[in-house]
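Engineer: Let me begin by handing over the structure; questions about it come next.
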Amino acid sequence: MSAQHPVVFVTRRLPEAVEARLTRDYTPVLNADDTPFGSADLVERVVNAGAEAVLCCPTDKMTADVIAGMPNKVRALATFSVGYDHIDLEAAKAHDLIVTNTPDVLTDATADCAMLLILAAARRAWAAESMLRRGDWSNWAPTGQIGIQVTGKRLGIFGMGRIGQALAKRARGFDMEIHYSDLAQLPPELEAGATFHADPEDLLGVSDVLSLHCPLTDETRHFLDARRIALMIDGAIVVNTARGPIVDDEALIVALRTGKLAAAGLDVFDGEPKVNPGYLELENTTLFPHIGSATKETRDAMGFVALDNLDAVFGGRTPPNRVV
Ligand code: DGY
């Protein structure tokens, strides 16, 4: 980096090692108390900071208005996430703003989290542990806390990208049969014996466990609604580590309440950090606060990838993970 370190406005606190590299190579303007900014506040702070780049997170709504408010000297928006549904890409393009993300490095952590939710949902982990913690475990019972065994069950993966494939690999270790749906069929070496369903609705009809791994787009918003839930196998399990709005919460809650579906494991929520209270009342839900990528190794790596992208922008190179 040159002697004049570019000013980077950073919307949230980042892992220590990432902030150390930022401070070494840039002039960062950090968000000391880590509270997400509202749109107007964010624009004002970026302007006042004299920022040349913004390092943002999925908690920042980078709408057309926010992007339009960015001074021209802001060259790049590097998101600390693989997902970029919080960024209006058309507005960024129109504003000549380079947008980058952090793919690959969070694949394993997120797939681990999906597997954890599959097992937790199937084995009633939350209900069983809560009973123990409440002091209500009176004795071992042949009929107590009976869950569903995943061995031999069909796992339907909606969105067979990097994370979907990594989940398939894990689930094969549990002897699950893999089915998937995506825009196109994978080549045999990546499919690794999984069964492709060109129509996602066919996937619903065969999945004992359905795990969502597609990006949030206009097409996938409320993909899992009441009509599609009706197509699912009775007593199936739903897992979502992708984005909350892919699911119609009211429809899923009704299906979990009535027993149409056996259980759900959710790491992401429509409108998070608010969670539909209907989920909280149910014993057959396992609910995580969007921790899919939350390991030290992964969060450090995400920060370093975001910085690699900025290094490329300010070094006059094409960023390795340019989205637009
Ligand atoms: C992402 O990167 O998009 C995740 O949701 C946060 O890890």
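Engineer: When we measure straight from the Cα of K93, which lysines land under 24 angstrom away, once same-chain ones fewer than 8 places off are left out?
Structural biologist: K61, K73
Engineer: Continuing with this model, one more query. For the Cα atoms of the chain, what angle does the longest principal axis make with the long axis of helix 125-134, in degrees from 0 to 90, nearest 10?
Structural biologist: 80 degrees
Engineer: To the nearest 20 debye, what charge dipole does the range 90-219 have about its Cα centre, counting +1 at the Cβ of each Lys and Arg and -1 at the Cβ of each Asp and Glu?
Structural biologist: 760 debye
Engineer: Helix-only estimate, please: 222 nm mean residue ellipticity of the chain, summing -39500 (n - 2.57) across DSSP H runs of length 4 or more and dividing by its residues, to the nearest 500.
Structural biologist: Helix contribution divided over all residues of the chain: -10500 deg cm²/dmol.
Engineer: Please find, in a Gaussian network model of the chain (springs between Cα atoms separated by less than 10 Å), the residue of P215, P36, P142 whose mean-square fluctuation is greatest.
Structural biologist: Of P215, P36, P142, the Gaussian network model singles out P142 as fluctuating most.
Engineer: Averaged per residue, what accessible area in Å² does the chain show with a 1.4 Å probe, protein chains only?
Structural biologist: 47 Å²
Engineer: Let me ask you something else. Could you work out what % of the accessible surface of the chain is carbon and sulfur, using a 1.4 angstrom probe and leaving DNA, RNA and ligands out of the count?
Structural biologist: 53 percent
Engineer: Continuing with the same structure: Cα atoms only: what Rg and Dmax, in Å, come out for the range 182-324?
Structural biologist: Just the Cα atoms of the range 182-324 yield Rg and Dmax of 18.1, 57 Å.
Engineer: So, one more: Restricted to Cα positions, what overall size does the chain have along the principal axes? Three whole-Å values, descending.
Structural biologist: Rounded to whole Å, the extents work out to 69, 49, 32 Å.
Engineer: Take the alpha-carbon positions of the range 107-287, form their convex hull, and give its projected area averaged over all directions (one quarter of the hull surface) in nm².
Structural biologist: Across all orientations, the range 107-287 yields a mean hull projection of 10.5 nm².
Engineer: What angle do you read, to the nearest 10 degrees and between 0 and 90, between the alpha-carbon axis of helix 16-25 and the longest principal axis of the chain?
Structural biologist: Result, in degrees: 20.
Engineer: At a Förster radius of 51 Å, what calculated FRET efficiency corresponds to the Cβ-Cβ distance of W137 and E191, to the nearest 0.05?
Structural biologist: Computed FRET efficiency for W137 and E191: 0.70.
Engineer: Springs between alpha-carbon pairs under 10 angstrom, Gaussian network model over the chain: which of L210, L186, L55 fluctuates most?
Structural biologist: L186
Engineer: Moving on to the next point. Within the range 130-155, which residues have the backbone N less than 13 Å from the label spot 7 Å out from F174 along Cα→beta-carbon, could you tell me?
Structural biologist: 147-155
Engineer: Multiplying the sequence separation of K274 and T23 by 0.36 nm and subtracting their Cα-Cα distance, what value in nm do you get?
Structural biologist: Going from the current span to full extension adds 87.0 nm.
The values are calculated or read from the model by the stated rules, or taken from the named source; none is laboratory data. None of these values were measured; they are calculated from a predicted model. Because the Cβ atoms are built from the backbone with ideal geometry, glycine has one as well, and the counts that use them run over all protein chains shown. To get the accessible areas, we keep the full protein, side chains included, count just its heavy atoms, and leave off ligands, DNA and RNA. Shrake-Rupley method; radii C 1.70, N 1.55, O 1.52, S 1.80 Å.
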